[in-house]
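Each remark here refers to the structure printed beneath this line.
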Amino acid sequence: QRTLLSLDPPDHTRLRKLVQPSFTARAMEALKPRIRQIAEELLDAAEREAAARGESAPNRTMDLVPAFAYPLPVTVISEMVGIPVEDRTQVRYWTENLLRVDRGDREAMAETRARIGEFIEYLKALFERRRHDPVDDLVSQLVQAEEDGDKLDEDELLAMVFIVYIAGFVTTVNLIGNGTVALLTHP
(Lines give C-alpha, C1' and ligand atoms only; values in the text may rest on other atoms or scores of the structure.)
Protein backbone atom coordinates (compact mmCIF):
# COMPACT_ATOMS: atom_id res chain seq x y z
CA GLN A 1 0.00 0.00 0.00
CA ARG A 2 2.91 2.36 0.68
CA THR A 3 4.81 2.56 -2.59
CA LEU A 4 6.84 5.17 -4.41
CA LEU A 5 3.76 5.77 -6.52
CA SER A 6 1.59 6.72 -3.57
CA LEU A 7 3.96 8.60 -1.26
CA ASP A 8 4.92 12.24 -1.05
CA PRO A 9 8.15 13.70 0.32
CA PRO A 10 9.81 13.09 2.67
CA ASP A 11 8.79 9.40 2.53
CA HIS A 12 9.04 9.28 -1.27
CA THR A 13 12.48 10.92 -1.16
CA ARG A 14 13.70 8.44 1.44
CA LEU A 15 12.59 5.41 -0.62
CA ARG A 16 13.92 6.86 -3.85
CA LYS A 17 17.36 7.36 -2.28
CA LEU A 18 17.43 3.75 -1.16
CA VAL A 19 16.36 2.19 -4.47
CA GLN A 20 17.75 4.58 -7.07
CA PRO A 21 21.23 2.98 -7.17
CA SER A 22 19.60 -0.24 -8.43
CA PHE A 23 18.06 1.55 -11.43
CA THR A 24 20.94 3.47 -12.96
CA ALA A 25 21.26 3.93 -16.69
CA ARG A 26 24.35 1.71 -16.62
CA ALA A 27 22.44 -1.10 -14.85
CA MET A 28 19.59 -0.90 -17.35
CA GLU A 29 21.99 -0.77 -20.31
CA ALA A 30 23.65 -3.95 -19.06
CA LEU A 31 20.31 -5.77 -19.43
CA LYS A 32 20.03 -5.12 -23.20
CA PRO A 33 21.99 -8.13 -24.47
CA ARG A 34 20.00 -10.55 -22.31
CA ILE A 35 16.69 -8.92 -23.26
CA ARG A 36 17.64 -9.24 -26.93
CA GLN A 37 18.53 -12.91 -26.38
CA ILE A 38 15.19 -13.63 -24.65
CA ALA A 39 13.30 -11.87 -27.47
CA GLU A 40 15.17 -13.89 -30.09
CA GLU A 41 14.49 -17.14 -28.22
CA LEU A 42 10.76 -16.33 -28.08
CA LEU A 43 10.66 -15.48 -31.79
CA ASP A 44 12.58 -18.65 -32.65
CA ALA A 45 10.08 -20.68 -30.60
CA ALA A 46 7.18 -18.99 -32.43
CA GLU A 47 8.83 -19.80 -35.74
CA ARG A 48 9.27 -23.46 -34.74
CA GLU A 49 5.62 -23.63 -33.64
CA ALA A 50 4.51 -22.16 -36.97
CA ALA A 51 6.65 -24.70 -38.85
CA ALA A 52 5.11 -27.50 -36.76
CA ARG A 53 1.69 -26.28 -37.92
CA GLY A 54 2.93 -26.43 -41.52
CA GLU A 55 3.20 -22.65 -41.91
CA SER A 56 6.06 -21.07 -43.80
CA ALA A 57 7.21 -17.53 -44.59
CA PRO A 58 5.61 -15.20 -45.42
CA ASN A 59 2.40 -16.82 -44.16
CA ARG A 60 3.45 -17.75 -40.65
CA THR A 61 1.30 -16.65 -37.74
CA MET A 62 1.74 -16.24 -34.03
CA ASP A 63 -0.53 -15.17 -31.22
CA LEU A 64 1.54 -12.13 -30.20
CA VAL A 65 0.49 -11.65 -26.58
CA PRO A 66 0.84 -15.21 -25.22
CA ALA A 67 3.81 -16.09 -27.44
CA PHE A 68 5.85 -12.91 -27.06
CA ALA A 69 4.38 -9.83 -25.38
CA TYR A 70 3.56 -11.68 -22.14
CA PRO A 71 6.60 -13.95 -21.66
CA LEU A 72 9.20 -11.31 -22.61
CA PRO A 73 8.65 -8.87 -19.73
CA VAL A 74 7.82 -11.51 -17.12
CA THR A 75 11.05 -13.35 -17.98
CA VAL A 76 13.16 -10.19 -17.98
CA ILE A 77 11.68 -8.95 -14.72
CA SER A 78 12.05 -12.34 -13.04
CA GLU A 79 15.71 -12.48 -14.06
CA MET A 80 16.29 -8.90 -12.95
CA VAL A 81 14.57 -9.46 -9.60
CA GLY A 82 16.50 -12.69 -9.07
CA ILE A 83 13.82 -15.35 -9.27
CA PRO A 84 15.59 -18.70 -9.74
CA VAL A 85 14.81 -20.39 -13.08
CA GLU A 86 13.12 -23.33 -11.37
CA ASP A 87 10.62 -20.97 -9.66
CA ARG A 88 9.67 -18.84 -12.68
CA THR A 89 6.67 -20.89 -13.81
CA GLN A 90 5.19 -20.55 -10.33
CA VAL A 91 5.98 -16.83 -10.16
CA ARG A 92 4.37 -16.35 -13.56
CA TYR A 93 1.23 -18.02 -12.21
CA TRP A 94 1.24 -15.78 -9.13
CA THR A 95 1.77 -12.59 -11.14
CA GLU A 96 -0.66 -13.28 -14.01
CA ASN A 97 -3.56 -11.45 -12.44
CA LEU A 98 -1.94 -8.91 -10.14
CA LEU A 99 -4.15 -6.17 -11.52
CA ARG A 100 -7.33 -8.22 -11.77
CA VAL A 101 -10.27 -6.21 -10.52
CA ASP A 102 -13.39 -8.34 -10.72
CA ARG A 103 -15.27 -6.74 -7.86
CA GLY A 104 -18.44 -8.61 -8.74
CA ASP A 105 -16.70 -11.99 -8.88
CA ARG A 106 -15.86 -12.93 -5.29
CA GLU A 107 -14.30 -16.23 -6.32
CA ALA A 108 -11.91 -14.51 -8.76
CA MET A 109 -10.99 -11.90 -6.15
CA ALA A 110 -10.36 -14.60 -3.55
CA GLU A 111 -8.14 -16.47 -6.01
CA THR A 112 -6.19 -13.30 -6.80
CA ARG A 113 -5.72 -12.56 -3.08
CA ALA A 114 -4.54 -16.13 -2.50
CA ARG A 115 -2.01 -15.86 -5.34
CA ILE A 116 -0.72 -12.55 -4.02
CA GLY A 117 -0.45 -14.02 -0.51
CA GLU A 118 1.55 -16.99 -1.80
CA PHE A 119 3.80 -14.68 -3.81
CA ILE A 120 4.39 -12.50 -0.73
CA GLU A 121 5.42 -15.53 1.33
CA TYR A 122 7.74 -16.65 -1.45
CA LEU A 123 9.32 -13.18 -1.68
CA LYS A 124 9.84 -12.96 2.08
CA ALA A 125 11.76 -16.25 1.96
CA LEU A 126 13.75 -14.96 -1.04
CA PHE A 127 14.60 -11.75 0.85
CA GLU A 128 15.88 -13.80 3.77
CA ARG A 129 18.03 -15.99 1.48
CA ARG A 130 19.50 -12.93 -0.24
CA ARG A 131 20.32 -11.25 3.06
CA HIS A 132 22.58 -14.19 3.89
CA ASP A 133 23.64 -15.16 0.37
CA PRO A 134 23.51 -12.13 -1.95
CA VAL A 135 23.94 -12.54 -5.69
CA ASP A 136 23.89 -10.08 -8.59
CA ASP A 137 20.15 -9.33 -8.65
CA LEU A 138 17.70 -6.63 -7.66
CA VAL A 139 16.49 -8.35 -4.48
CA SER A 140 20.07 -8.66 -3.19
CA GLN A 141 20.66 -4.99 -3.95
CA LEU A 142 17.45 -3.92 -2.24
CA VAL A 143 17.94 -5.98 0.92
CA GLN A 144 21.48 -4.57 1.20
CA ALA A 145 20.53 -0.96 0.32
CA GLU A 146 21.43 1.52 3.02
CA GLU A 147 21.46 5.29 3.17
CA ASP A 148 22.70 6.97 6.36
CA GLY A 149 21.88 3.85 8.38
CA ASP A 150 18.37 3.62 6.90
CA LYS A 151 17.23 0.41 5.19
CA LEU A 152 14.09 -0.79 3.46
CA ASP A 153 11.74 -2.69 5.74
CA GLU A 154 9.97 -5.87 4.63
CA ASP A 155 6.82 -4.07 3.43
CA GLU A 156 8.91 -1.60 1.44
CA LEU A 157 10.86 -4.45 -0.15
CA LEU A 158 7.61 -6.16 -1.12
CA ALA A 159 6.20 -2.92 -2.51
CA MET A 160 9.31 -2.37 -4.67
CA VAL A 161 9.16 -5.87 -6.16
CA PHE A 162 5.43 -5.51 -6.85
CA ILE A 163 5.98 -2.14 -8.53
CA VAL A 164 8.68 -3.63 -10.75
CA TYR A 165 6.36 -6.46 -11.81
CA ILE A 166 3.27 -4.30 -12.27
CA ALA A 167 4.89 -1.28 -13.93
CA GLY A 168 7.37 -3.20 -16.04
CA PHE A 169 5.09 -6.06 -16.94
CA VAL A 170 1.68 -4.60 -17.72
CA THR A 171 3.14 -1.57 -19.47
CA THR A 172 5.38 -3.69 -21.68
CA VAL A 173 2.68 -6.19 -22.65
CA ASN A 174 0.38 -3.33 -23.65
CA LEU A 175 3.14 -1.45 -25.45
CA ILE A 176 4.14 -4.48 -27.54
CA GLY A 177 0.53 -5.28 -28.41
CA ASN A 178 -0.55 -1.72 -29.16
CA GLY A 179 2.72 -0.90 -30.93
CA THR A 180 2.32 -3.91 -33.21
CA VAL A 181 -1.26 -2.96 -34.06
CA ALA A 182 -0.16 0.61 -34.79
CA LEU A 183 2.68 -0.61 -37.00
CA LEU A 184 0.48 -3.04 -38.92
CA THR A 185 -2.30 -0.49 -39.46
CA HIS A 186 0.07 2.40 -40.25
CA PRO A 187 3.21 0.87 -41.79
For the chain, with +1 on Lys and Arg beta carbons and -1 on Asp and Glu, the positive-most of Val85, Val74, Thr171 along the dipole: Thr171
Identify all aspartates and glutamates with a Cα-Cα distance to Lys151 below 14 Å; exclude those on the same chain that are fewer than 8 residues away in sequence. Asp11
Tell me which aspartates and glutamates have Cα within less than 13 Å of Lys32's Cα, excluding those fewer than 8 residues away on the same chain? Glu40, Glu79
³J(HN,Hα) across the range 88-93 via Karplus (A = 6.51, B = -1.76, C = 1.60, θ = phi - 60°), whole Hz, x for Gly/Pro? 5, 5, 5, 5, 4, 4
Please compute the per residue accessible area over the chain with all protein chains in place, 1.4 Å probe, rounded to a whole number of Å². 62
Post the alpha-carbon centroid distance, the range 1-57 to the range 116-187, in whole angstrom. 9
Given the peptides 105-114, 15-24, arrange them by the average over their residues of other C-beta atoms within 10 Å, most packed first. 15-24, 105-114
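Quick one: dipole size for the chain, taken about the Cα centre, charges +1 on Lys/Arg Cβ and -1 on Asp/Glu Cβ, in debye to the nearest 20. The partial results should precede the final answer.
Values: 23 positive and 32 negative charges, 75 e Å.
Using Cβ point charges on Lys, Arg, Asp and Glu, the chain gives about 360 debye.
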So what is the 222 nm mean residue ellipticity for the chain from helices alone, if each DSSP H run of at least 4 adds -39500 (n - 2.57) and you divide by all residues, rounding to the nearest 500 deg cm²/dmol? -20500 deg cm²/dmol
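The values are calculated or read from the model by the stated rules, or taken from the named source; none is laboratory data. This structure is a prediction, so every number in the text was calculated from the model and none was measured. Don't worry about glycine lacking a Cβ; one is built from the backbone with ideal geometry, like all the others, and counts go over all protein chains shown. Accessible surface is based on the protein model in full, side chains and every heavy atom, while ligands, DNA and RNA are left aside. Shrake-Rupley method; radii C 1.70, N 1.55, O 1.52, S 1.80 Å.
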